[in-house]
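Visitor: Handing you a structure now.
The values are calculated or read from the model by the stated rules, or taken from the named source; none is laboratory data. None of the values given here were measured: they were computed from a predicted structure. All Cβ positions, glycine included, derive from the backbone under ideal geometry; neighbour counts span all protein chains shown. With ligands, DNA and RNA removed, areas are computed over all heavy atoms of the protein, side chains included. Shrake-Rupley method; radii C 1.70, N 1.55, O 1.52, S 1.80 Å.
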Amino acid sequence: MIVDFFTGIGCWPFRKLRHADVRELTALLKSERIDRAVVYSLSSILAKDCMEGNREVAGAARDHPSVIIPFACVNPAFPGWRADFAECFEEMSFRGLRLFPTYHGYDFGDGCFLEIIEVAEKIGIPVVLTVRVEDERQHHWLVKVPPLDIKAAADVIRDYPHVHFVLSGAAYSELLSIKQPLKHVDNWCFDIARMQGRHDNPGPVEVVVRALDDFGAERMLFGGNAPFQYVKSSLLKVQRASIGESDRELILSGNAMRLLGNKHEIDSE
Amino acid sequence: MEIIDTHVHLNDDESFRHTIDLERSAGVVKIVVSCLEPCDGVYKPTPEQFRADNARVHEWMKREAGFVEGWAYVNPEHRQESLDEIDRAVCEYGMRGIKLECGCVCTDSRYGPLMEKAESLGVPVLQHTWFKITGGIVGESVPSDVAVLAREFPGVTIIMAHLGGDWQRGIKAVRDLTNVLVDTSGSIVDCGMIEKAVEELGAERILFGTDLPDIDFWTNLGKIEGAAITPEQKRLILHGNAARLLEGSAT
C-alpha cells in the first residue's frame with residue numbers, strides 16, 4: 001500500500017499544472033499505484049479566502065472516499081478563520097490541517113498561530129507545516145516567498161508535545177539543521193518530497209538512505225508534491241532505495257496510516 | 001534500458017565509489033565526470049587546482065575504464081593555463097569535453113580562446129547555467145548568457161546544464177539555437193519540464209544527467225520515467241543522444 005501525504009488540487013496562476021484537478025489526480029494515482037492521497041487545496045495557498053478551495057477538496061473526498069484524505073487549509077491571519085476551522089472539522093470531513101505561514105503572512109510568535117495550534121490540539125488532528133511547495137529559486141518575480149524558518153518550526157514542535165506535526169517540503173539540509181534540537185522529540189515527522197540531495201559529507205549518495213540513518217524510518221512519510229513535481233521522482237527515491245523492506249513499508253504507508261488513524265479505519269473508508 | 005549519465009561530479013573518493021556502484025546497479029553504462037571543488041563557495045580554481053582536479057578524474061578513468069569518462073575543468077580567467085590543460089585533458093587523458101562552471105560569466109570575452117579550442121578539438125562544452133530569482137553565485141551564467149555564447153560560436157556544441165535552472169527561461173532562451181543541447185540534471189523536479197523541453201527543443205537535444213553525488217539519482221531518473229513522452233524519446237534522452245555525442249567527441 002502507498003499513501004501520498006503531499007498532494008494538492010486546485011488553481012495555480014503561474015503555469016499550467018497537469019494533475020491539478022481531481023480527475024487528473026486520481027488517474028495519476030492509479031497509474032502510479034498510489035492507493036491513498038492526503039490532499040489539500042493549492043487554490044488556498046494564494047487565495048485570500050481559503051474556503052473555496054477547501055470546499056473543492058471536500059467535494060473531491062466525497063466523490064473519491066476510498067482515495068482522497070482531505071486536509072484543510074486555514075489562514076489564522078484572515079478574519080473569520082475560527083468559523084472556517086469549525087466548518088472544516090465539524091461540518092466537513094477533514095482529517096488534518098495544512099498551514100502555509102510564509103504564504104499567508106504570519107509568524108510562529110503571532111497570537112493567531114498559537115491559537116490555531118491550540119484549537120488543533122483540542123480536537124487531536126495532525127498539523128502540517130509547509131516549508132515550501134516550489135523551489136524558491138524558481139518563483140515568479142512578483143511572488144517571491146521564502147521557505148519556512150525550520151529552526152523556528154522546531155521550537156513550535158517542542159512547545160506543543162501533544163500536537164503531531166508534519167514538516168512538508170523541507171530539503172534534507174534543512175532537516176539536518178534540526179536533527180539535534182529535535183533528537184528526543186517524538187511528535188513530528190517529515191515528507192520526503194523535496195529531499196532532492198544530500199549536499200555534503202562523504203558516504204552513501206541516496207538521500208533516503210542518508211535520511212534513514214539520520215532520523216529513522218518512523219519519521220519519514222512518502223510525499224510526491226503533485227501537481228508541482230513528478231511523483232515518479234519521489235516514488236523511485238523510496239521504491240529503489242537501498243533500504244530494508246520494513247523501513248520501505250513504513251515510509252510508503254505505515255507511518256501515514258498510524259498518523260491518520262488505525263489501519264482498519266483507513267482501509268474501510 | 002541503458003543509461004548514460006552526462007553530469008556527475010567527483011568530490012570525495014568514498015562518495016564517488018558509492019556513485020559508481022549505484023549507477024551501475026541502476027543500469028547506467030557510462031558516466032561523464034568533472035571534479036570542481038569550490039573554495040569558500042566560489043568556483044574560481046587556480047591552474048594548480050584545476051590541474052589537480054582533472055588528474056583525479058583521470059585516475060578514476062583509468063581505474064574504471066570505459067565506465068568513467070571525463071570533462072576537462074578549467075577557468076577562463078587563466079587563459080594560457082586553461083588552453084594547455086584542455087590539450088592535456090582531451091588529448092592525453094582522453095576527456096570528452098570541457099566543463100565550465102563559474103570562473104566568469106560565459107559572455108565574458110575570456111571565453112573566446114577556450115571556445116575556439118573546443119571547436120578545433122571538436123569537443124562539446126558543458127556550461128553550468130542557473131537563473132535564480134533569489135540571486136546567483138559569483139560568476140554564474142544564466143540561460144540568456146548561454147544564448148549569447150552560442151550565437152557567437154555556432155560551431156561549438158554547448159550543453160546548457162540543469163535546463164538553465166529555471167527551465168521555462170532556459171528552454172525559451174536557447175530554443176532556436178541548434179548548437180545548444182540541455183541536460184536534465186539537478187534538484188528541480190517540476191512536473192512538465194521534460195515534456196516542455198521535448199516539445200520546444202526536440203528530444204534529440206536533451207541529455208540525461210544527475211549531478212551526483214549531491215543530488216539523488218532516483219530523483220533525476222524519475223523526471224524522465226515520469227514524463228509523458230514516448231518510449232523512443234526517453235531512450236534518446238537517457239542514452240541515444242549522449243552515445244552519439246560521445247562518439248563524436250572521441251579523440
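Visitor: Sort through B:SER141, B:SER185, B:SER120 and tell me the only one that's among the hydroxyl-bearing types (Ser, Thr, Tyr) and open to solvent by 10 Å² or more (accessible area, probe 1.4 Å).
Guide: On the way: B:SER141 fails: open to solvent by 10 Å² or more (accessible area, probe 1.4 Å); B:SER185 fails: open to solvent by 10 Å² or more (accessible area, probe 1.4 Å).
Step by step, each of B:SER141, B:SER185, B:SER120 is checked, and only B:SER120 is among the hydroxyl-bearing types (Ser, Thr, Tyr) and open to solvent by 10 Å² or more (accessible area, probe 1.4 Å).
Visitor: Also, I was wondering about something else. How many residues does region B:28-46 hold that are away from chain A (no Cβ under 14 Å) and either free of Cβ contacts under 8 Å to residues at least 12 places away in the same chain or open to solvent by less than 10 Å² (accessible area, probe 1.4 Å) (or both)? Reasoning before the result, please.
Guide: If we filter region B:28-46 for residues that are away from chain A (no Cβ under 14 Å), which is where we start, we get B:29-30, B:32, B:34-36, B:39-40, B:42-46.
So of that shortlist, the ones also either free of Cβ contacts under 8 Å to residues at least 12 places away in the same chain or open to solvent by less than 10 Å² (accessible area, probe 1.4 Å) (or both) come out as B:32, B:34-35, B:39-40, B:45.
Adding up the residues that qualify gives 6.
Visitor: Take region B:191-209 and flag every residue that is open to solvent by less than 10 Å² (accessible area, probe 1.4 Å) and either in contact (Cβ under 8 Å) with a residue 60 or more places away in the chain or among the charged types (D, E, K, R) (or both).
Guide: Correct list: B:LEU207, B:PHE208, B:GLY209.
Visitor: Being within 15 Å of A:TYR103 (Cβ to Cβ) and either out of contact with any Phe, Trp or Tyr (no Cβ under 7 Å at 6 or more places or on another chain) or of a type in the set (Gly, Ala, Ser) (or both) is the filter here, so list the residues in region A:139-170 that pass it.
Guide: Let us first name the residues in region A:139-170 that are within 15 Å of A:TYR103 (Cβ to Cβ), namely A:139-140, A:142-149, A:153, A:168-169.
The answer is A:HIS139, A:LEU142, A:VAL143, A:LYS144, A:PRO146, A:PRO147, A:LEU148, A:ASP149, A:ALA153, A:SER168, A:GLY169.
Visitor: Can you name every residue in region A:222-241 that is in a loop (DSSP other than H, G, I, E, B) and basic (Lys, Arg)?
Guide: Going through region A:222-241, the residues in a loop (DSSP other than H, G, I, E, B) turn out to be A:222-225, A:227-228, A:230, A:240-241.
Once the filter is applied, which keeps residues that are in a loop (DSSP other than H, G, I, E, B) and basic (Lys, Arg), region A:222-241 yields only A:ARG240.
Visitor: Specify which of the listed residues (A:MET220, A:MET257, A:MET195) is free of Cβ contacts under 8 Å to residues at least 40 places away in the same chain and either open to solvent by less than 30 Å² (accessible area, probe 1.4 Å) or out of contact with any strand residue (DSSP E or B) (no Cβ under 6 Å at 6 or more places or on another chain) (or both).
Guide: So the residue among A:MET220, A:MET257, A:MET195 that is free of Cβ contacts under 8 Å to residues at least 40 places away in the same chain and either open to solvent by less than 30 Å² (accessible area, probe 1.4 Å) or out of contact with any strand residue (DSSP E or B) (no Cβ under 6 Å at 6 or more places or on another chain) (or both) is A:MET220.
Visitor: Follow-up. Tell me, yes or no, whether region B:13-27 has at least one residue that is surrounded by fewer than 24 Cβ atoms within 10 Å (Cβ to Cβ), among the aliphatic types (A, V, I, L, M), under 21 Å from B:PRO124 (Cα atoms) and at pLDDT 95 or above. Please lay out each step first, then the result.
Guide: Looking only at region B:13-27, we keep the residues that are surrounded by fewer than 24 Cβ atoms within 10 Å (Cβ to Cβ), and these are B:13-15, B:17-18, B:20-27.
Subset that is among the aliphatic types (A, V, I, L, M): B:20, B:22, B:26.
Narrowing the set further to residues that are under 21 Å from B:PRO124 (Cα atoms) leaves none.
There is no residue in region B:13-27 that is surrounded by fewer than 24 Cβ atoms within 10 Å (Cβ to Cβ), among the aliphatic types (A, V, I, L, M), under 21 Å from B:PRO124 (Cα atoms) and at pLDDT 95 or above.
Visitor: If we keep just the residues of region B:75-100 that are open to solvent by 10 Å² or more (accessible area, probe 1.4 Å) and in contact with a strand residue (DSSP E or B) (Cβ under 7 Å, 6 or more places away or on another chain), which is nearest to B:GLY164 (Cα to Cα)? Write out each step before concluding.
Guide: First, pick out the residues of region B:75-100 that are open to solvent by 10 Å² or more (accessible area, probe 1.4 Å): B:77-81, B:83-84, B:87-88, B:91-94, B:96.
Pick out the ones that are also in contact with a strand residue (DSSP E or B) (Cβ under 7 Å, 6 or more places away or on another chain) and you get B:93, B:96.
Values: B:TYR93: 29, B:ARG96: 21 Å.
Filtering region B:75-100 for residues that are open to solvent by 10 Å² or more (accessible area, probe 1.4 Å) and in contact with a strand residue (DSSP E or B) (Cβ under 7 Å, 6 or more places away or on another chain), the one nearest to B:GLY164 (Cα to Cα) comes out as B:ARG96.
Visitor: List every residue pair whose Cβ atoms sit under 7 Å apart, with the two residues 6 or more apart in sequence or on different chains, where the first one lies in region A:15-29 and is within 12 Å of another protein chain (Cβ to nearest Cβ) and of a type in the set (D, E, K, R) and the second, anywhere, is open to solvent by 30 Å² or more (accessible area, probe 1.4 Å) and part of a helix (DSSP H, G or I).
Guide: A:ARG18/A:GLU24
Visitor: If you scan region B:231-251, which residues turn out to be open to solvent by less than 90 Å² (accessible area, probe 1.4 Å) and either under 16 Å from B:GLY66 (Cβ atoms) or of a type in the set (Ser, Thr, Tyr) (or both)? Steps first, answer last, please.
Guide: Kept after step one, since they are open to solvent by less than 90 Å² (accessible area, probe 1.4 Å), are these residues of region B:231-251: B:233-234, B:236-243, B:245-246, B:248-250.
Selection gives B:HIS239, B:ALA242, B:ALA243, B:LEU246, B:SER249, B:ALA250.
Visitor: A further question follows. Could you say whether any residue in region B:63-70 is among the aliphatic types (A, V, I, L, M), open to solvent by less than 10 Å² (accessible area, probe 1.4 Å) and part of a helix (DSSP H, G or I)? Walk me through it before giving the result.
Guide: Initially, region B:63-70 is screened for residues among the aliphatic types (A, V, I, L, M), giving B:65, B:68.
Filter once more, keeping what is open to solvent by less than 10 Å² (accessible area, probe 1.4 Å): B:68.
In the following step, the residues that additionally are part of a helix (DSSP H, G or I) were identified as none.
Checked against the condition, which is being among the aliphatic types (A, V, I, L, M), open to solvent by less than 10 Å² (accessible area, probe 1.4 Å) and part of a helix (DSSP H, G or I), region B:63-70 yields no hits at all.
Visitor: Take A:GLY169 and tell me if it is over 27 Å from B:LEU10 (Cβ atoms), within 14 Å of another protein chain (Cβ to nearest Cβ) and crowded, with 20+ Cβ neighbours inside 10 Å. Working first, answer last.
Guide: Working: over 27 Å from B:LEU10 (Cβ atoms): yes; within 14 Å of another protein chain (Cβ to nearest Cβ): yes; crowded, with 20+ Cβ neighbours inside 10 Å: yes.
When the stated conditions are applied, A:GLY169 passes them.
Visitor: Among residues belonging to region A:198-217 that are without any contact (Cβ under 8 Å) to a residue 40 or more places away in the chain and in a helix (DSSP H, G or I), point out the one that is nearest to the other protein chains (Cβ to nearest Cβ).
Guide: A:VAL207
Visitor: Give the residue, chosen from B:ILE224, B:ILE229, that is closer than 15 Å to B:GLU195 by Cβ, within 14 Å of chain A (Cβ to nearest Cβ), more than 14 Å from the chain's Cα centre (by Cα) and not in a helix (DSSP H, G or I). Working first, answer last.
Guide: Numbers: B:ILE224 fails: not in a helix (DSSP H, G or I).
So the residue among B:ILE224, B:ILE229 that is closer than 15 Å to B:GLU195 by Cβ, within 14 Å of chain A (Cβ to nearest Cβ), more than 14 Å from the chain's Cα centre (by Cα) and not in a helix (DSSP H, G or I) is B:ILE229.
Visitor: A further question follows. Of everything in region A:108-157, what is out of contact with any Pro (no Cβ under 7 Å at 6 or more places or on another chain), among the charged types (D, E, K, R) and either touching a residue at least 60 places away in the same chain (Cβ under 8 Å) or not in a helix (DSSP H, G or I) (or both)? Give them in sequence order.
Guide: A:ASP110, A:GLU134, A:ASP135, A:LYS144, A:ASP149, listed by residue number.
Visitor: Right, something else. Quick one: which of B:THR210, B:THR178 is of a type in the set (S, T, N, Q), within 13 Å of another protein chain (Cβ to nearest Cβ) and not in a helix (DSSP H, G or I)? First the steps, then the outcome.
Guide: Values: B:THR178 fails: within 13 Å of another protein chain (Cβ to nearest Cβ).
Answer to the selection: B:THR210.
Visitor: Go through (1) within 14 Å of another protein chain (Cβ to nearest Cβ); (2) closer than 25 Å to B:LYS196 by Cα and name the single condition A:ASP4 misses.
Guide: (2)
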